[in-house]
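Student: Have a look at this one.
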Amino acid sequence: DVKVTQSSRYLVKRTGEKVFLECVQDMDHENMFWYRQDPGLGLRLIYFSYDVKMKEKGDIPEGYSVSREKKERFSLILESASTNQTSMYLCASSLTQVGQPQHFGDGTRLSIL
Amino acid sequence: DQQVKQNSPSLSVQEGRISILNCDYTNSMFDYFLWYKKYPAEGPTFLISISSIKDKNEDGRFTVFLNKSAKHLSLHIVPSQPGDSAVYFCAARGTSGSRLTFGEGTQLTVNP
């Protein structure tokens, strides 16, 4: 069974801090994704990666960056946290083949004060 | 521009009856559609999918229907059970890459 693990379930940070959210998957998936979930807006893609050291912007990359130094790990970085980045953050991974679904972690609820 | 829309934020049905969740999309290049279920404090879990070359896919109590001409898909749950109460997201995949575009979600409540 695929396991996607996010390092924290809940996180509280202050405005202006640099915040790191970590995600690890154990199924050798090529693709990894970061989303945020907000009420009424569904899941919105922030960044994704098809391979080690590569990254692509999603629909809402502003204020975020990512790092993928190893295949199993994908980090989301909030360069200077702001209150509008308070949200549920979800990491996912998948194989590339058509029909393969994305598998999600349990999410990190991040509050920026 | 919301390419995948779920127009009903919530749906309430009686146990044993059918639940029908709807999803509309605008991008004709989407080639694969998926439904996810999400319980509070958990990540979304994959439920069922359908390729654009099919119009129906069934898995136990869950059936997904795709109407390409109307750019509409629906998820049928029969019979509905209280444990089905969750937020359901539809998602669509474009022809390049593995990224998905998600709808806003529909909160399904199944009453005993």
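Student: Ordering A:113, B:66 by how much accessible area each has at a 1.4 Å probe, largest first, what is the list?
Tutor: Descending accessible area places them as A:113, B:66.
Student: Taking the Cα centre of the range A:34-110 as origin and charging only Cβ (+1 Lys, Arg; -1 Asp, Glu), how large is the dipole, in debye to the nearest 20?
Tutor: That gives the range A:34-110 a dipole magnitude of about 160 debye.
Student: Ordering A:62, B:42 by how much accessible area each has at a 1.4 Å probe, largest first, what is the list?
Tutor: A:62, B:42
Student: If you don't mind, there's one more thing I want to ask. Mind checking the mean number of beta-carbon atoms from other chains within 10 Å of the Cβ atoms in B:88-95?
Tutor: Across B:88-95, the average partner-chain Cβ count within 10 Å equals 2.
Student: Another question, then. Checking the cross-link filter: which aspartates and glutamates have an alpha carbon closer than 17 Å to that of residue B:71, excluding same-chain neighbours under 8 positions apart?
Tutor: Leaving aside aspartates and glutamates fewer than 8 places away in the same chain, those within reach of residue B:71 are B:1, B:24, B:31, B:55, B:104.
Student: Calculate one ³J(HN,Hα) per residue across the range A:98-104 by plugging θ = phi - 60° into the Karplus curve 6.51 cos²θ - 1.76 cosθ + 1.60, and present them in order as whole Hz with x for glycine and proline.
Tutor: 4, x, 7, x, 7, 10, 9
Student: With an 8 Å cut-off on Cα pairs and a minimum separation of 6 or more residues, tell me the relative contact order of the range B:1-101 in percent. All intermediate terms of the calculation are to be shown ahead of the outcome.
Tutor: On the way: 199 pairs, mean separation 34.2, N = 101.
Over the range B:1-101, the number comes to 34 percent.
Student: May I pose another question? Under a Cβ-only charge scheme (Lys and Arg +1, Asp and Glu -1), can you give me the dipole magnitude of chain B about the Cα centre, in debye to the nearest 20?
Tutor: For chain B, the charge dipole is close to 160 debye.
Student: How much accessible surface does residue A:103 have with a 1.4 Å probe, in Å² rounded to 10?
Tutor: The accessible area comes out at roughly 60 Å².
Student: Quick one: compute the contact order of chain A, relative version, from alpha carbon pairs under 8 angstrom and 6+ residues apart, as a percent.
Tutor: Contact order relative to length: 36 percent.
Student: In whole angstrom, note down how far apart the Cα centers of the range B:61-78 and the range B:1-60 are.
Tutor: Result: 8 Å between the Cα centres.
Student: How many angstrom lie between the Cα centre of the range B:97-112 and the Cα centre of the range A:31-91?
Tutor: Result: 20 Å between the Cα centres.
Student: Mind pulling up the Rg/Rh value for chain B? Radius of gyration and Kirkwood radius, both on Cα.
Tutor: 0.95
The values are calculated or read from the model by the stated rules, or taken from the named source; none is laboratory data. Here the structure is a predicted model, which means the values were calculated and not measured. For neighbour counting, all protein chains shown are included, and Cβ atoms are generated from backbone atoms with ideal geometry for every residue, glycine included. To get the accessible areas, we keep the full protein, side chains included, count just its heavy atoms, and leave off ligands, DNA and RNA. Shrake-Rupley method; radii C 1.70, N 1.55, O 1.52, S 1.80 Å.
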